[in-house]
1. Could you size up the charge dipole of region 16-93 around its Cα centre, putting +1 on the beta carbon of Lys and Arg and -1 on that of Asp and Glu, and report it in debye to the nearest 20?
2. Step through the residues of region 46-52 one at a time and calculate ³J(HN,Hα) from phi using the Karplus curve (6.51 cos²θ - 1.76 cosθ + 1.60, θ = phi - 60°), rounding each to whole Hz and writing x for Gly and Pro.
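Just so you know, all these numbers are worked out from the coordinates, no wet-lab data involved. Bear in mind the structure is a predicted one, so any value in this text is a computation, not a measurement. Ideal geometry is used to build each Cβ from the backbone, glycine not excepted, and the neighbour counts take in all protein chains shown.
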Amino acid sequence: MFPWWESPVARSLNLTEAQNAQIRTVTGEYRAHLTDVRAAVERAETELEAVFNDDAVDQKKGAEAIDHLVKARSEMTKAVSEMSLKLRAVLTPQQWQILQRGPVRPGEPVVGSGSGSGVERGPGRGPGRGRRGGPKTPPAN
C-alpha cells in the first residue's frame with residue numbers, strides 16, 4: 001500500500017472536501033501506530049541480522065529473532081490493512097477503480113472522467129500484465 005492520498009493520483013480521483021477530511025482523519029488515527037510497528041520491524045530485522053553476523057551460529061537465538069520479525073511484520077501488515085480498508089470505505093467504486101489502475105502520467109486522461117479515449121493508464125498495463133506491471137505468468141523458456 002503506497003500513500004496514494006499524498007500522490008498525484010489523489011488529484012485524479014476528484015475527491016470531495018468531505019472525503020479529504022475523512023482521509024486525513026483515518027491517516028491521522030493510524031500515523032503513530034504505523035510509526036511504532038515500522039520501528040518494531042526495523043528492530044526485529046536488526047536483531048536477526050546480528051544473529052546472522054555472529055561468528056558462532058546460535059540456533060535458539062536465531063529462532064527467537066525470526067519469531068520476533070514474523071510477529072512485527074504481521075502487526076505491520078494488520079495495521080496497514082486495517083487503515084487501507086477504512087480508506088477504501090471513503091472512496092466511491094469508480095474512484096477505487098481509478099486508484100487500482102495505477103499512477104496517472106501528466107496530460108493523460110483519467111478513465112471515467114468524461115474526457116479522453118478511456119484507454120487504461122499506467123506503464124505495463126496491457127493484456128497479460130499484473131497489477132504491478134509484471135507478467136501474470138512466468139515467460140515460457
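1. Values: 11 positive and 14 negative charges, 109 e Å.
About 520 debye.
2. Values, residue by residue: 5, 4, 5, 4, 4, 4, 5 Hz.
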